[in-house]
Amino acid sequence: MARFDVTDAEWELIEPRLPVAATGPLPRRVRDQFNGVLWRFRTGCGWRDVPERYGPWSTVYSRFNAWSKAGVFQALMDGLIAEAAARGRVGLELVSVDSTIVRAHHESAGLAVAGETLDALEQALTEEKGVPLPEQGPVLRVLHRMPRQVRAPHRRRAAAVLRRGGGAGHGRKRPDSAGPEAG
């Protein structure tokens, strides 16, 4: 048994809650495959990196896929929480979330609104307050974003490149510069 594999006591609680097909042979390595699924999510690795001691990675993945589609993990969690509650051992650690790993999607940084929607919001705000939008206070005013202006290239930098002899003619000397043969 590996370091973080489920113990015998834990497996006694988990095994009855895992589905077994009504017909056909019983799966031989369900516990190993379950431990392989746990190992994969604990380490964050890819499925192909699951150690061989848990069985072929494709079998571990197939078992996980079938269980997740059948809702086995949710039923397992609900059953284990009910078992802990019956024993009087329910704690907040079952429902806590570690905020160091919770990430917001990059699109959550700002709200993109279509022009028609923005106009409708402005109209609703004007009707609600009874005051035209430009006359409302700054907290309530919806501002239109001005189109971004394209800047011209910075002239000082371009002039400095030409003085140093850089740019398209890099490596060539300017006609008025003195070379080693001018000497």
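The values are calculated or read from the model by the stated rules, or taken from the named source; none is laboratory data. It should be emphasised that the depicted structure is a prediction, and the values quoted were computed from it without experimental measurement. Side chains are part of the model used for accessible areas, which takes the heavy atoms of the whole protein and leaves out ligands, DNA and RNA. Shrake-Rupley method; radii C 1.70, N 1.55, O 1.52, S 1.80 Å.
Over the stretch 1-78, accessible surface divided per residue gives 66 Å², non-protein components excluded, 1.4 Å probe. Surface composition of the stretch 1-91: carbon and sulfur make up 54 percent of the accessible area, probe 1.4 Å.
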